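A.B. asks: Have a look at this one before I ask anything.
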Amino acid sequence: MADYNEKIKDLEKQISTTKYNKKTQHAIGMYKAQLAKLKDKEESRGKGGKKGEGYVVRKTGDGTALLLGFPSVGKSTLLNALTNANSEVGAYDFTTLDVIPGLMEQDHAKIQILDVPGIVRGAASGKGRGKEVLSVMQNADLVLILIDVNYPEQLDILMKEVYDSHIRVNQRRPDVRIKKTAKDGIRLGATVKLSLQRDTIKAVLNEFKINNADVIIRSDITVDQLIDCIENNKKYLPGITILNKIDSVSEERLEEVIKLTKADLCVSAQKETGLEELRVLIFKRLELMKLWMKEPAKEVDMKEPLIITTNSTVKDVCSKLHKDFISKFKFCRVTGPSAKFPGQKLSLNHVLKNNDILELHMT
Ligand SMILES: Nc1nc2c(ncn2[C@@H]2O[C@H](COP(=O)(O)OP(=O)(O)OP(=O)(O)O)[C@@H](O)[C@H]2O)c(=O)[nH]1
Ligand SMILES: [Mg+2]
């Protein structure tokens, strides 16, 4: 049993020392499949032990963003600067030991921001509060990855921990459908040219005991993505990479670190610089939009919009407003970007756009 770890280390070494090319693709694919299986086993073993130690966070507002970073990168300082919260700030590591929520208002939306303890290398396998913190991500809609500009090397370590917690940041869910069948082996269909060899795909599926299935692949996936699709337990989240404490380095150094980390934004939480840009980006990456409600025969209320997520339908809006609205729905009229003309009469499955005006007609 104890040699799970040994085996995991061995496989990781094999993968990192084998040069990836067409000839080795198959072998690497098999190593990765075996590694994923071992890690899952290791994880489910760990679960039996400590119980009920996760954080409980009640979601409020129109979207939830989680602040993730090493200790002392300035998460609490940033939370306090962005929201109404008052989270303790300290010049020592692990000042924050709990989840501290704050609420930020941006363009009429109320966005919940969660400050959590810092995470370190080994977090995904339980170091510090790592597991609990990373599990809060399962309920978040966006992750703010905060890096101290003085320690850019933290980014790769952090992202590995996130990856090991089954979270995929800024990755699209690969378009792969696996339908298990009773016989006839693996029938593989692809609508794009695949970089992975068919034999490798089949062997990886077999490794996960899938021997009969119809598989349709619609995007050119890597072997890691194939394994993700087979395991089907990954969470896909948008993320924003932020460099903090930019007041503490020279402009030249800052430029270097931006290039190195490909950060989206630079801020100084303490001096409150770059925060407006960050607020706007948070709203954008949460894919929120504004909808203006109008009652029949009345003026539209242009004071307080309803905040909904991009690609919401009229049906989504109805179910958000009241549990009876869908059954009582007769028709609606839409004016604005998604309507062909003002007051267009539309049905429940109409997809709305930002700044639409919606008028619901009920029985
Ligand atoms: N120079 C500079 N210092 C900052 C900035 N933001 C935070 N700090 C300092 O960094 C230290 C740590 O800040 P915290 O906000 O407590 O960091 P944290 O990430 O919440 O730390 P933990 O809760 O321990 O994980 C404090 O001394 C802050 O004053 C910044 O933008 N510039
Ligand atoms: Mg803190």
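The values are calculated or read from the model by the stated rules, or taken from the named source; none is laboratory data. Here the structure is a predicted model, which is why all the values come from computation and not from measurement. Every residue, glycine among them, receives a Cβ derived from its backbone with ideal geometry; neighbour counts consider all protein chains shown.
A.B. asks: Looking for whichever is in the same structural domain as Ser195 (by TED's automatic domain parsing), surrounded by fewer than 16 Cβ atoms within 10 Å (Cβ to Cβ) and either within 12 Å of ligand 1 (Cβ to nearest atom) or under 23 Å from the mean Cα position of the chain (by Cα) (or both) here; the options are Asp40, Asp107, Asp98. Which one fits?
C.D. replies: Step by step, each of Asp40, Asp107, Asp98 is checked, and only Asp40 is in the same structural domain as Ser195 (by TED's automatic domain parsing), surrounded by fewer than 16 Cβ atoms within 10 Å (Cβ to Cβ) and either within 12 Å of ligand 1 (Cβ to nearest atom) or under 23 Å from the mean Cα position of the chain (by Cα) (or both).
A.B. asks: Of all residues in segment 247-262, which are assigned to a loop (DSSP other than H, G, I, E, B) and either in contact (Cβ under 8 Å) with a residue 60 or more places away in the chain or touching a Ser or Thr at 6+ places or on another chain (Cβ under 6 Å) (or both)?
C.D. replies: Val249
A.B. asks: Now for a separate question. Just to be sure I understand the filter: pairs with C-beta atoms under 6 Å, separated by 6 or more residues or on different chains, first member in segment 116-141 and closer than 27 Å to Glu287 by Cβ and in contact (Cβ under 8 Å) with a residue 60 or more places away in the chain, second member surrounded by 21 or more Cβ atoms within 10 Å (Cβ to Cβ) and of a type in the set (Gly, Ala, Ser). Which pairs pass?
C.D. replies: Asp141/Gly63
A.B. asks: Just to verify a result, which residue in segment 332-361, among those that are polar (S, T, N, Q), in a loop (DSSP other than H, G, I, E, B) and on the phi < 0 side of the Ramachandran plot, is surrounded by the fewest Cβ atoms within 10 Å (Cβ to Cβ)?
C.D. replies: The qualifying residue surrounded by the fewest Cβ atoms within 10 Å (Cβ to Cβ) is Asn349.
A.B. asks: Please determine, by comparing only the residues of segment 150-207 that are of a type outside the set (A, V, I, L, M) and part of a strand (DSSP E or B), which one is nearest to Tyr31 (Cα to Cα).
C.D. replies: Selected residue: Arg168.
A.B. asks: Would you mind finding the one in Leu278, Leu291 that is outside any helix (DSSP H, G or I) and either within 16 Å of ligand 2 (Cβ to nearest atom) or crowded, with 20+ Cβ neighbours inside 10 Å (or both)?
C.D. replies: Being outside any helix (DSSP H, G or I) and either within 16 Å of ligand 2 (Cβ to nearest atom) or crowded, with 20+ Cβ neighbours inside 10 Å (or both) holds for just one of Leu278, Leu291, which is Leu291.
A.B. asks: Exactly one condition in (1) within 16 Å of ligand 2 (Cβ to nearest atom); (2) at pLDDT below 85; (3) touching a Phe, Trp or Tyr at 6+ places or on another chain (Cβ under 9 Å) is false for Ala91; which is it?
C.D. replies: Ala91 satisfies all of (1) within 16 Å of ligand 2 (Cβ to nearest atom); (2) at pLDDT below 85; (3) touching a Phe, Trp or Tyr at 6+ places or on another chain (Cβ under 9 Å) except (3).
A.B. asks: Given (1) within 19 Å of Ser87 (Cβ to Cβ); (2) at pLDDT 90 or above; (3) not charged (D, E, K, R), identify the lone condition not met by Val116.
C.D. replies: With (1) within 19 Å of Ser87 (Cβ to Cβ); (2) at pLDDT 90 or above; (3) not charged (D, E, K, R) applied to Val116, the lone miss is (2).
A.B. asks: While we're looking at this one, here's another question. Is it true that some residue in segment 232-246 is assigned to a helix (DSSP H, G or I), within 23 Å of Thr77 (Cβ to Cβ) and either more than 16 Å from ligand 2 (Cβ to nearest atom) or modelled with pLDDT of 95 or more (or both)?
C.D. replies: Yes.
A.B. asks: Still on this structure: Somewhere in segment 259-269, is a residue buried (at least 19 other Cβ atoms within 10 Å of the Cβ) and outside the structural domain of Gly90 (by TED's automatic domain parsing)?
C.D. replies: Looking through segment 259-269, none of the residues is buried (at least 19 other Cβ atoms within 10 Å of the Cβ) and outside the structural domain of Gly90 (by TED's automatic domain parsing).
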